[in-house]
1. Scan segment B:80-122 for residues that are within 34 Å of the chain's Cα centre (by Cα) and within 12 Å of chain A (Cβ to nearest Cβ) and report the count.
2. Consider residue B:125 carefully, then state whether it is away from every other protein chain (no Cβ under 13 Å), surrounded by 23 or more Cβ atoms within 10 Å (Cβ to Cβ) and in a helix (DSSP H, G or I).
3. Is there a residue in segment B:178-189 that is under 30 Å from residue B:70 (Cβ atoms), within 20 Å of the chain's Cα centre (by Cα) and either surrounded by 22 or more Cβ atoms within 10 Å (Cβ to Cβ) or touching a residue at least 12 places away in the same chain (Cβ under 8 Å) (or both)?
4. In segment B:206-229, how many residues are under 15 Å from the mean Cα position of the chain (by Cα) and farther than 27 Å from residue B:412 by Cβ?
5. Taking segment A:16-35 as the region of interest, how many residues are farther than 26 Å from residue A:62 by Cα and either assigned to a strand (DSSP E or B) or without any contact (Cβ under 8 Å) to a residue 60 or more places away in the chain (or both)?
6. Do you know which of the residues in segment B:22-54 that are within 14 Å of another protein chain (Cβ to nearest Cβ) and either under 32 Å from the mean Cα position of the chain (by Cα) or surrounded by 14 or more Cβ atoms within 10 Å (Cβ to Cβ) (or both) is modelled with the lowest pLDDT?
7. When you scan segment A:104-114, do you find a residue that is in contact (Cβ under 8 Å) with a residue 12 or more places away in the chain, surrounded by fewer than 21 Cβ atoms within 10 Å (Cβ to Cβ) and closer than 22 Å to residue A:156 by Cβ, even just one?
8. Do the conditions hold for residue B:201, that is, is it within 19 Å of residue B:89 (Cβ to Cβ), at pLDDT 85 or above and assigned to a helix (DSSP H, G or I)?
């Protein structure tokens, strides 16, 4: 389990992380989403011991991750721009990782090298962005990490490779109980793979929940009346967003479907429809609630 | 840290070390190739060059000098590659992407830093050491001398090896420390260059300053002050123990600081502020001081010397501080606040300057009391002689004090506006005691006539006090015959070899006539010295010279006659630390020495 306890990180006067508190259970795929500059990448770096938190701590299986080689042996971090030396190839980089990571699996490494469409003896620096990511993934997964941290992993990957990556991640999660934490703006891909979502904004957690509960806890409702109706009828509902076109109301309501639908039906609308939101829509709505919406930015 | 963690760190460190060596294989091959290529050229050059010139020299062995030449080139190349490797290997601290990679590896920061340092050392030192060891064997085998001589010659290369290893260690430790403190590679490189370049210049110029105002000041450039923060000179200046300590201190500091270093400072700003401040102060002080001397030197008019000195100091120091601050801060932010240490530095220097110009708490006028003095000696600082005679007699001591006070009086009464620090001649003269004399020009006390005792006449007085302390004052370019008789006599007794040496020990007198009547085919008119080969005649001549010297000093136009008196018994030359077989006192005879000239003419006629 990863425990993030009151983690704060400052960059000068900027508070990049503000007393974060949440846990990530073993075997889960945790999606880290948030606005630009929310602190997603910073959080990943703090968890992996690249940055030291200014307050709080990160525990991995009960051990503080900072300056702890034993804890870091179980982790692997692929940053948004992974670094490779000019002369690095997959093969010669594997030479280092074989010694550093005790769980390195040579057989699995060879299998991955055969699976991904990539030349293991070419200089990685000369490859495209997507291929560099693939190279990083091959090396990462070959270390058989218990905790895998990915920052914008889907960026640059073609749709076929994206499917491949998701499949490999899921296989490792189900077979080895690997825990994955993915930071990404590509919510469509996260929706496919994650079971937990953490929503960050300005260094703080806006929402942290299982994905299903998050999606099911908020609905887009369209309701129309064939009589004049006052908007105050919606006051008893947790309405995040509301717009009106004539007699048609479009509402975003937070709450359980089974709880608010009967109450809406009781208003005897001419038309009533409720649909769960996509993760992207949930994100936008939650951010609006946090004051981060397009009307404020434009 | 538990033993398991320590063991893990060692194991991980060893893995990274091996990988580092592998990944630097290209650099190692280039490095070795250059050592062999240039080294062999130097070796061959050393062999062939000396063969033509040293055939007659019995002890000379060209293989040994060739080995030293190749060893020196190897030292240079190892230094260059060490710099390149240090910049490369420590750059993981200055690049955000590298920081992500290395920061997430399962190895502690300290272990990683130590591993990196060791990598640089091994890669730069091992090839160099192998080559040097081979050269040690070559130079040992090449000598056909005694075992001790063989050992000694081999040790010459061994000494170069040791110094080079020290140099590499000190520089790696220093660059590692700078790497930990800096956020960017450019900051690190700039800091390294400034500290190694500007620091010694600044210190050398600072040590020069007292000689501009303190007459009698003994200007000895102190190696420790001059090169303490100059690891480029490690192994080749100051003592070896110092550099061992230097290496240990900076390495320890770096290992201590790397643990708490903020990784986000990569490509951003200094991780630790102190070195940044030191670099700014060093460059501004050194440039300021250089400009100060230059401003003084630009005008031959000596008035307003001090004003010009300070004008140069302020302009030079402020401009250089401004530029470096701009580079480090990447702009003008917090420039005002950053000036505070600069102002403090200038104020501190102004305080030191004020103390020096005011005479440094009585330095200029200080003369020990007679009852404090155990002995006094003078050193005639001429080039071919450095005789010292310690005087312990009370009367001699009192006469020496009188001489000293007369010298001080001459300085006090001279024109004090003439601060001449700053001309390159003056700086050169201050360092090398060249023809222009000390940088403090004393009108009225300057000698118009050289006392040609082989060079220039500088007076060095050293008192050994009863408590064991010594007080030394060195005064330049004085004509001793402006002093009172008593003062001159004691100087003659203490430093003038004509009076210090017993005339009965004179083994030879040679007389040269440099006049216009000299034979055009020869440089000088030969003088048949056979008359003075007889001891009585020689003795008479020397006594006459001494008598007239005591009477007239060196006053009067020099005649064409030069006398060289050789004293045959071996004497210990303290300055050069060896026994001289023969000491020669040379003297251009002034025309006032009527008796001496008459005697010489008599000797010529008698032949």
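The values are calculated or read from the model by the stated rules, or taken from the named source; none is laboratory data. Not measured: the values here are computed from a predicted model. Quick reminder, even Gly has a Cβ in these numbers, built from the backbone with ideal geometry, and neighbours come from all protein chains shown.
1. Result for segment B:80-122: 1.
2. Numbers: away from every other protein chain (no Cβ under 13 Å): yes; surrounded by 23 or more Cβ atoms within 10 Å (Cβ to Cβ): no; in a helix (DSSP H, G or I): yes.
No.
3. no
4. The initial filter retains those residues of segment B:206-229 that are under 15 Å from the mean Cα position of the chain (by Cα), namely B:206-208, B:218-228.
Now drop any that are not farther than 27 Å from residue B:412 by Cβ, which leaves B:221-228.
Residues that pass the stated criteria total 8.
5. As a first pass, look at segment A:16-35 and keep what is farther than 26 Å from residue A:62 by Cα: A:34-35.
Now narrow it down to the ones that are either assigned to a strand (DSSP E or B) or without any contact (Cβ under 8 Å) to a residue 60 or more places away in the chain (or both): A:34.
Final tally of qualifying residues: 1.
6. To start, the set of residues in segment B:22-54 that are within 14 Å of another protein chain (Cβ to nearest Cβ) comprises B:22-30.
Then keep just the ones that are either under 32 Å from the mean Cα position of the chain (by Cα) or surrounded by 14 or more Cβ atoms within 10 Å (Cβ to Cβ) (or both); that gives B:23-24, B:27-28.
Numbers: B:23: 86, B:24: 90, B:27: 91, B:28: 92.
Selected residue: B:23.
7. Checked against the condition, which is being in contact (Cβ under 8 Å) with a residue 12 or more places away in the chain, surrounded by fewer than 21 Cβ atoms within 10 Å (Cβ to Cβ) and closer than 22 Å to residue A:156 by Cβ, segment A:104-114 yields at least one hit.
8. Numbers: within 19 Å of residue B:89 (Cβ to Cβ): no; at pLDDT 85 or above: yes; assigned to a helix (DSSP H, G or I): yes.
No.
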